[in-house]
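To start, the structure itself, in structure tokens.
The values are calculated or read from the model by the stated rules, or taken from the named source; none is laboratory data. As the structure is a prediction and not an experimental result, all values here were calculated from the model. Neighbour counts are summed over all protein chains in view; Cβ atoms, including those assigned to glycine, are modelled from backbone coordinates with ideal geometry.
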Amino acid sequence: MMGFCRKIMSLPLWIKGVIVTAMTFLISWIAVYDLMSVSFFAPMEKAADFRFSDFYTLVANDRAVKNLHPSVVVVAVDRCNRREIAATIEDVDFCNPAAIGLDIAFSTPRDTVYDPLASAIASCPRLVMPVVAEETGDGTYTAVHTSYYDRFAPDDATFAAVNIEGDKEARFTVREFMPSFPAQGGGYIPSLTLALIEKAAPDIAAKVKARGGKSESLRFASYEFETIYPDEILEYPELIEGKIVIIGKVNDAGDLHSTPLDNFTPGAIIHAHSAATMLDGDFTRRLSAVESWLIAAAACYLVVLISLLLAESTLGDITVRFIQIAALYLMITCGALVYIRFNIDLDFTGAMLMTSLGVVACDIFNGIFADDGIIAMCITKINRLITITTDIRNEIYAKCSFKNLFRNSADDDSDVTLS
């Protein structure tokens, strides 16, 4: 066994690095607590639900660069009654927008005979009406009509889902959106923003649908949207002409969602971010789990090699610690820059974890296979135990042999006396 340990310790440095990296990977998977969490980057109230991309979003949004999106406008109808909302729809339609999305569901009115909102909806062909995409349990969705005024929509009206991620956003931070939802029996239910883009820019909508309708990351950083109120519509018609208009409430407590930037983001603003993401083609490239762990293994391997190389140096330990800190800093900085410049989400969670545990794995490796390591110590202890056991056995054997010899001698003496 000692020969085996010496062979292990005499292996080339790069092979020992591979062994230690594999040990690090194993340690990272069998850790008894959630080492994958990077919630220390998050505000306290968001620490329970935080991803590494949230940190990138916070960094990107803290830049001095802010872009007022040229194609998406939000009309806030907070504290407006139905008559005022009807007038708002008519005023917006008069300003010739590219498309109008209604992010409000209405219950049955008290007066169903004279209802100006029903007339406004019936006479607005550019209006996209809201429905809820409800999951059926087999991976498909069905459109649930929750608004009283759906019955007054034109025959060719578009109904689109206003829930951004299906049922998910009620439970988690909203980071992604579904451009469309697969429907029962084939086809799809468009999201509110995809339906608006189909009216405003069919070529862009076709490109979005060509991506397969999979969940896409929302781009929150540095986007701002013109938010106007009903009494400003006719004063500034140029703010609406040719644009996508989302009519909704921005202070409704029932429609506030947690996002990477804020715990209370209005649903209408999230729809605006979704529309901007698709219009600009600003889709985030997310690494697969395999790609992330390959990056983690490569980063860990470099740190492990340096640690093994400097193991005998006087300043080896402190040098490796500085290298670890520098590696963590580079991961955070490079990840943020790549996210901002190239829209690639580099999830360095695994890399940070394995880089931190790499030196620990080196210590474990040396502690197991070194000449004074655990195996050598165990062999020494076992040999000593064997020696002690052998000595005790020999001593017992000697005593037993002496007693037998003495007894035999006594028997011989008694035989001589009797004779």
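Kindly indicate whether VAL162 is assigned by TED's automatic domain parsing to the domain that holds ARG83, over 30 Å from THR112 (Cα atoms) and crowded, with 21+ Cβ neighbours inside 10 Å.
So VAL162 does not fit the description; no.
Residue by residue through the stretch 249-278, note down the ones that are of a type outside the set (Val, Ile, Thr) and either on the phi > 0 side of the Ramachandran plot or part of a loop (DSSP other than H, G, I, E, B) (or both).
If the condition is that a residue be of a type outside the set (Val, Ile, Thr) and either on the phi > 0 side of the Ramachandran plot or part of a loop (DSSP other than H, G, I, E, B) (or both), then LYS249, ASN251, ASP252, SER258, PRO260, LEU261, ASP262, ASN263, PHE264 are the ones that fit.
Out of VAL59, VAL18, which single residue is within 24 Å of HIS257 (Cβ to Cβ), modelled with pLDDT of 80 or more, outside any loop (DSSP other than H, G, I, E, B) and out of contact with any Cys (no Cβ under 6 Å at 6 or more places or on another chain)?
When all the criteria are applied, what remains is VAL59.
Could you tell me which numbered condition ASP262 fails, if it satisfies all but one of (1) acidic (Asp, Glu); (2) modelled with pLDDT under 90; (3) within 19 Å of PRO130 (Cβ to Cβ)?
For ASP262, the exception is condition (3).
Restrict the check to the stretch 66-82 and report whether at least one residue is of a type in the set (Lys, Arg), more than 30 Å from the chain's Cα centre (by Cα), loosely packed, with under 14 Cβ neighbours inside 10 Å and part of a helix (DSSP H, G or I).
No; the residues of the stretch 66-82 include none that is of a type in the set (Lys, Arg), more than 30 Å from the chain's Cα centre (by Cα), loosely packed, with under 14 Cβ neighbours inside 10 Å and part of a helix (DSSP H, G or I).
Here is a check on your reading of the model: is ILE228 in contact (Cβ under 8 Å) with a residue 12 or more places away in the chain, touching an Asp or Glu at 6+ places or on another chain (Cβ under 8 Å) and either surrounded by 15 or more Cβ atoms within 10 Å (Cβ to Cβ) or assigned by TED's automatic domain parsing to the domain that holds ILE344 (or both)?
So ILE228 fails the test.
Does ASP115 satisfy being over 26 Å from PRO202 (Cβ atoms), crowded, with 16+ Cβ neighbours inside 10 Å, acidic (Asp, Glu) and over 39 Å from the mean Cα position of the chain (by Cα)?
yes
Would you be able to say whether some residue in the stretch 92-104 is out of contact with any strand residue (DSSP E or B) (no Cβ under 6 Å at 6 or more places or on another chain), more than 24 Å from ILE197 (Cα to Cα) and surrounded by fewer than 21 Cβ atoms within 10 Å (Cβ to Cβ)?
no
Among the residues in the stretch 279-286, are any in a strand (DSSP E or B) and of a type in the set (D, E, K, R)?
Yes - at least one qualifying residue is present in the stretch 279-286.
Would you check which residues across the stretch 262-279 are touching a residue at least 60 places away in the same chain (Cβ under 8 Å) and either surrounded by fewer than 18 Cβ atoms within 10 Å (Cβ to Cβ) or more than 26 Å from ILE228 (Cβ to Cβ) (or both) and list them?
ASN263
From the list GLY185, GLY213, pick out the single residue that is more than 24 Å from ASP54 (Cα to Cα), in a loop (DSSP other than H, G, I, E, B) and assigned by TED's automatic domain parsing to the domain that holds TYR141.
GLY185
Go through the residues of the stretch 295-310 one by one and say whether even a single one is under 19 Å from the mean Cα position of the chain (by Cα) and either surrounded by 14 or more Cβ atoms within 10 Å (Cβ to Cβ) or closer than 24 Å to GLU216 by Cβ (or both).
Scanning the stretch 295-310, I find at least one residue that is under 19 Å from the mean Cα position of the chain (by Cα) and either surrounded by 14 or more Cβ atoms within 10 Å (Cβ to Cβ) or closer than 24 Å to GLU216 by Cβ (or both), so the answer is yes.
Going through PHE181, PHE177 one at a time, which residue ends up being of a type in the set (A, V, I, L, M, F, W, C), without any contact (Cβ under 8 Å) to a residue 60 or more places away in the chain and over 22 Å from ASN96 (Cβ atoms)?
PHE181
Scan the stretch 244-254 residue by residue and report those that are over 20 Å from ALA86 (Cβ atoms) and in contact with a helix residue (DSSP H, G or I) (Cβ under 8 Å, 6 or more places away or on another chain).
ILE244
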